[in-house]
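The values are calculated or read from the model by the stated rules, or taken from the named source; none is laboratory data. If you're wondering where the values come from, they're calculated on a predicted model, not measured in any experiment. Cβ placement follows ideal geometry from the backbone for every residue including glycine, while neighbour counts extend to all protein chains displayed.
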Amino acid sequence: MSRVKRGVTTHARHKKILKAAKGFYGRRKNTIRVAKQSVDRAGQHAYIGRKLRKRNFRALWIQRINAAVRQYTVTEANGRPLTYSRFICGLDLAGITVDRKILADLAVREPEAFKALLDKVAAALGESVAATA
């Protein structure tokens, strides 16, 4: 049986880790023991960040929709302004299925289209809409 020397595979594995640690500060970028720990932790942070990004963007979309909805004066039976939750309820009642990402984009880039959507929602809720801005 032939002898197996593992220097080539070890060197390749070390190069792979050091390549991933490129740009790190201090010994993290060139000492294999420290670099391996840093690359592992960086991977954990990246994994968590991918989950947080989805959460943060959804929160941003909701804030943008809420701000756009509150720009218009809506007279309910009790005289309160239209809120985000009532707007989403109105979308459901009107049979409009548009996700929050598209709604936020409409609110920012095409306010006229968003206003038309708001009119349909107000009609479904039985409220009247008047522009304040």
Filter result (among the basic types (Lys, Arg) and loosely packed, with under 11 Cβ neighbours inside 10 Å) within the range 36-74: Arg50, Lys51, Arg53, Lys54, Arg55
Cβ pairs under 9 Å, 6+ apart, first in the range 82-98 and closer than 16 Å to Asp119 by Cβ, second modelled with pLDDT under 95 and acidic (Asp, Glu): Leu82/Glu76; Leu82/Glu127; Arg86/Glu76; Arg86/Glu127; Gly90/Glu127
Selection count, the range 1-21, where residues are surrounded by fewer than 11 Cβ atoms within 10 Å (Cβ to Cβ) and assigned to a loop (DSSP other than H, G, I, E, B): 6
Any hit, the range 62-81, residues being of a type in the set (Phe, Trp, Tyr) and at pLDDT 95 or above: no
Inter-residue pairs, beta-carbon under 9 Å, first within 12 Å of Asp92 (Cβ to Cβ) and in the range 115-126, second among the aromatic types (Phe, Trp, Tyr) and in a helix (DSSP H, G or I), 6+ apart: Val121/Phe87; Leu125/Phe87
